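One structure is given here, and the rest of the page talks about it.
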Amino acid sequence: MAARILPEVEYLRECLDYNPETGEFQWRLRPFTHFRKPETANMWNGKWAGKRAGASDSLGYRQICINRVLYGAHRLAWVLMKGDSFSMLEIDHINGDPGDNRINNLRLLTRTANNANTPRHRGDETGVRGIIRRPEGRFAVFITTRGPRRWLGTFDTIDEAFSARQEFLRS
């Protein structure tokens with residue numbers, strides 16, 4: 001899914017306070033210019049100003065709704081702190097926790113690099129990325145780095161499979 005274009009940094013700073021040490025967002029008292037009617041501004045500010053912003057989605061990512069559009073809190077944190085565009089890059093949570101939006105836990109990566117650090121598939125019984133146990137009991141090895149997925153072969157033992165994978169990665 002293509003990332004949404006974020007609001008301007010100045011607008012975000014009028015909406016949210018961000019604590020880079022905790023990764024938490026809090027709604028600010030928003031100016032009347034953000035609303036069509038002053039009554040709406042008073043109602044919104046009375047209900048939300050000073051409260052924690054956003055909610056976690058089913059995958060654990062914090063989402064914040066601004067003007068009826070959902071944005072990932074990690075993306076908002078990056079723009080608020082760095083102020084730069086990350087167009088073709090993705091923001092990665094270094095520790096793998098999608099709810100941890102501290103700025104020192106976020107980094108820019110390409111899609112390929114970001115996909116390379118995903119956790120093992122829950123059905124993976126080998127415990128080694130890129131090695132799966134075939135129904136007949138042999139171990140198949142594949143590599144997804146450096147381009148499209150490549151099958152390296154099928155091996156009798158997991159040690160042989162692991163060695164083949166390591167040898168390929170060293171080359």
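The values are calculated or read from the model by the stated rules, or taken from the named source; none is laboratory data. The structure presented is a predicted model; accordingly, all values stated were derived computationally and were not measured. Every residue, glycine as well, gets a Cβ built from its backbone with ideal geometry; the counts of neighbours run over all protein chains shown.
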- Query: Does Leu59 count as at pLDDT 85 or above and either more than 25 Å from Leu12 (Cβ to Cβ) or not in a loop (DSSP other than H, G, I, E, B) (or both)?
  - Reply: no
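Would it be correct to say that Leu6 is in a loop (DSSP other than H, G, I, E, B) and buried (at least 17 other Cβ atoms within 10 Å of the Cβ)? Give the steps one after another, and end with the answer.
Working: in a loop (DSSP other than H, G, I, E, B): yes; buried (at least 17 other Cβ atoms within 10 Å of the Cβ): yes.
Yes: the conditions hold for Leu6.
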- The one condition Ile94 fails out of (1) modelled with pLDDT under 80; (2) assigned by TED's automatic domain parsing to the domain that holds Asp57 is (1)
- Conditions (1) at pLDDT below 85; (2) within 16 Å of the chain's Cα centre (by Cα): number failed by Leu108: (1)
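Starting from residues that are closer than 16 Å to Met81 by Cα and of a type in the set (S, T, N, Q), keep the ones in region 9-66 and report whichever is surrounded by the fewest Cβ atoms within 10 Å (Cβ to Cβ). Talk me through it step by step, then tell me what you get.
Filtering region 9-66 down to residues closer than 16 Å to Met81 by Cα leaves 9-26.
With of a type in the set (S, T, N, Q) added as a condition, the list becomes 19, 22, 26.
Values: Asn19: 13, Thr22: 10, Gln26: 15.
Of everything passing the filter in region 9-66, Thr22 is surrounded by the fewest Cβ atoms within 10 Å (Cβ to Cβ).
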- Task: Scan region 43-77 residue by residue and report those that are in contact (Cβ under 8 Å) with a residue 40 or more places away in the chain and hydroxyl-bearing (Ser, Thr, Tyr).
- Result: Ser56, Tyr71
- Residue that is at pLDDT below 85, under 26 Å from Cys15 (Cα atoms) and touching a strand residue (DSSP E or B) at 6+ places or on another chain (Cβ under 8 Å), where the choices are Phe142, Phe86: Phe86
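Quick test for you: out of Leu76, Leu108, Leu70, pick the one residue that is buried (at least 17 other Cβ atoms within 10 Å of the Cβ), outside any loop (DSSP other than H, G, I, E, B) and not basic (Lys, Arg).
Numbers: Leu108 fails: buried (at least 17 other Cβ atoms within 10 Å of the Cβ); Leu70 fails: buried (at least 17 other Cβ atoms within 10 Å of the Cβ).
Going through Leu76, Leu108, Leu70 in turn, the sole match is Leu76.
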